[in-house]
Amino acid sequence: MAEGLRERKKRQTRQYISDVATGLFLERGFEAVTVAEIAEAANVSVNTVYNYFPAKEDLFFDRSAGVADRLARWVRGRDAGESAACAVLRELRAEVEAVSPRVGLFEGYDRFMRVIREAPALRSRLWSLQQEIHDTLEAALREETGAADGDPLPDLMAGQICWVHQAVFVTIGREMLAGRKPAEVSREALVLLDDIEDLLSEKVLNYAVRGAA
């Protein structure tokens, strides 16, 4: 369905507020910037900011939309004969090899990481996001395998797969903070993914294999 004028204007306003806030956070740090200052810089009211972003942290993590269900989407979209873990490994390799901004491989990512490192509220939100990724993946694995509610295996497998995802992001973040070039970090992250796959047990690598259509 085509986007209406009202919806487009709301989307553009939301994006503009987010862009203004991000610029201020990168310049001065998360805790030093107030919502009132963001509203003034964006030429909107404080209420308008809160209408689009219920919490200040939402302004910083606005670009994380779609991250919470990313692993679940990759698992649900896996190929015939492919397991849940192998699907995630394949998708991660593709993004790392493409030097994708979606995995933090872009110039300036270190600035985002520094803002997070210096703000306890953002670190707490990041932890919550990681937990949401896990919970969403667990639900997808339970649905895909038909596991009973009390079966602990989907939770355990989600933990293993989320570890893969988190290990890659932590490594990329650390290396980008150290001033490395995205292409260099990409090459090393691909080696890391091979090492991670070697560490995973056969039970993990063969869990939730999709049958032939």
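The values are calculated or read from the model by the stated rules, or taken from the named source; none is laboratory data. Predicted model, so just to flag it, every value in this text is computed and none were measured. Ideal geometry is used to build each Cβ from the backbone, glycine not excepted, and the neighbour counts take in all protein chains shown. Surface accessibility is based on the protein's heavy atoms, side chains included, excluding ligands, DNA and RNA. Shrake-Rupley method; radii C 1.70, N 1.55, O 1.52, S 1.80 Å.
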- prompt: So Leu92 fits all but one of (1) crowded, with 19+ Cβ neighbours inside 10 Å; (2) within 30 Å of Lys203 (Cα to Cα); (3) in contact with a Ser or Thr (Cβ under 9 Å, 6 or more places away or on another chain); what number is the exception?
  reply: (3)
- prompt: Looking at (1) within 19 Å of the chain's Cα centre (by Cα); (2) farther than 22 Å from Phe60 by Cα; (3) modelled with pLDDT under 95; (4) among the charged types (D, E, K, R), can you tell me which one Arg93 breaks?
  reply: (3)
- request: Please enumerate the residues belonging to segment 95-109 that are open to solvent by less than 60 Å² (accessible area, probe 1.4 Å), in contact (Cβ under 8 Å) with a residue 60 or more places away in the chain and under 21 Å from Val75 (Cα atoms).
  value: Val96, Val103
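I'd like the full set of residues that are among the polar types (S, T, N, Q) and free of Cβ contacts under 8 Å to residues at least 24 places away in the same chain, limited to segment 168-195. Walk me through how you get there before you give the answer.
Residues of segment 168-195 among the polar types (S, T, N, Q): 171, 186.
Scanning segment 168-195 gives a single hit, Thr171.
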message: Quick check on my filter: what residues within segment 11-50 are surrounded by 15 or more Cβ atoms within 10 Å (Cβ to Cβ), under 24 Å from Met113 (Cβ atoms) and over 25 Å from the mean Cα position of the chain (by Cα)?
response: Glu37
statement: Going through segment 121-131 in order, the residues found to be open to solvent by 70 Å² or more (accessible area, probe 1.4 Å) and within 20 Å of Pro154 (Cβ to Cβ) are Gln131
message: Of everything in segment 157-212, what is loosely packed, with under 15 Cβ neighbours inside 10 Å, small (Gly, Ala, Ser) and farther than 21 Å from Ala72 by Cα? Give them in sequence order.
response: Ala178, Gly179, Ala183
task: State which residue is surrounded by the most Cβ atoms within 10 Å (Cβ to Cβ) when the search covers only segment 132-152 and only residues that are over 17 Å from Arg76 (Cα atoms) and modelled with pLDDT of 95 or more.
output: Asp151
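With the requirement that a residue be within 13 Å of Leu141 (Cα to Cα) and open to solvent by less than 30 Å² (accessible area, probe 1.4 Å), what does segment 71-88 give you?
Taking segment 71-88 as the starting set, the residues that turn out to be within 13 Å of Leu141 (Cα to Cα) are 71-78, 83-85, 87-88.
Once the filter is applied, which keeps residues that are within 13 Å of Leu141 (Cα to Cα) and open to solvent by less than 30 Å² (accessible area, probe 1.4 Å), segment 71-88 yields Leu71, Ala72, Trp74, Val75, Arg78, Ser83, Ala84, Ala85, Ala87, Val88.
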